[in-house]
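Below is one structure, written out as C-alpha cells; the observations come after it.
No lab work stands behind these numbers, since they all come straight from the coordinates. This one's a predicted model, so the numbers in the text were calculated from it and none came from an experiment. Cβ coordinates were reconstructed from backbone atoms using ideal geometry, including for glycine residues, and neighbour counts include every protein chain displayed.
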Amino acid sequence: MKIRKATVQDVPKLIELTMKLRKLENSLSDRIACGEKTKNFFEMVFEKYLDDKAHVFLVAEEREVVGFAYGWKENIYPVYKNEFVGYIADVLVEEKERGKGIGKTLVTALEKEFKKMGLNETKLIVLKDNIKAYDLWKEMGYADLYVEMRKDL
C-alpha cells in the first residue's frame, strides 16, 4: 500500500468516499447532511484547497484508491497553549479494506505532514455514537478535551 498526496485526478474518488462517510455519519445522527448540497460543497472544497499549502489531502492506494485523510493548519487563537494545530477533518477507508491498518497509516502520515508545517498538536471531532472511530482515535493517543452539545430550538 502506498500513501501519497492526492491529485486533481483523485477528486472524484475523494467525493465518493466523502459521501460514504457522510452517509455513515447520517446513520448515526440525522443532524449530518448527505445530499446533493453536501456533495457540491465538498467538490468545491477539494477543488479550492487541493493545492493550498495549509491543507493536506492524502490517499491510500493499492491498485486503486482505498482510503483518504485530509486536514489543515487551523488557527485556534492565543487562548490555547498552541495557537495553531493540525485539524483532522476526515479519514475513511473503504469498508472491504478496513482492519488492515490503513486508517492508522493515513493518520500517521497526516500527522507527519502537520509536523513539517511546524505544528505540534492535532485536533479532531468524532460523533459520539461512532464507537469504532472513537476507539481508534483513543488507541492512537487522542484524548477527550471538550464535549460538544446541541439542542433543537
Neighbour-limited loop hits for trypsin sites (Lys or Arg not before Pro), region 100-153 (at most 13 other Cβ within 10 Å; DSSP other than H, G, I, E, B): LYS128, ARG150, LYS151
Options VAL85, LEU153, THR108, ranked by Cα towards positive dipole end of the chain, top entry (Cβ charges): THR108
The chain: calculated mean residue ellipticity at 222 nm from DSSP helix runs of at least 4, using -39500 (n - 2.57): -12000 deg cm²/dmol
Sites TYR146 and LYS48 - FRET efficiency at Förster radius 41 Å, r taken between beta-carbons, to 0.05: 0.90
GLU97-GLN9 FRET efficiency (beta carbon distance; Förster radius 25 Å; 0.05 resolution): 0.80
Nearby lysines by direct alpha-carbon distance to LYS151 (threshold 20 angstrom, same-chain neighbours under 8 apart not counted): LYS128
Dipole magnitude of region 41-81, debye to nearest 20 (Cβ charges: Lys/Arg +1, Asp/Glu -1, about Cα centre): 340
Magnitude of the charge dipole, the chain, Cβ model with Lys/Arg +1 and Asp/Glu -1, debye to 20: 200
Built amide H within the under 5 Å cut-off of LYS123, gap 5+: GLY86, TYR87, ILE88
Order by protection proxy (mean Cβ within 10 Å, highest first), peptides 18-24, 34-40, 83-89: 83-89, 18-24, 34-40
Table column - 3J(HN,Hα) (Hz), region 4-16, Karplus curve with 6.51, -1.76, 1.60, x for Gly and Pro: 8, 5, 6, 10, 4, 5, 7, 3, x, 5, 4, 5, 4
Percentage relative contact order, the chain, counting C-alpha pairs under 8 Å, at least six apart: 21
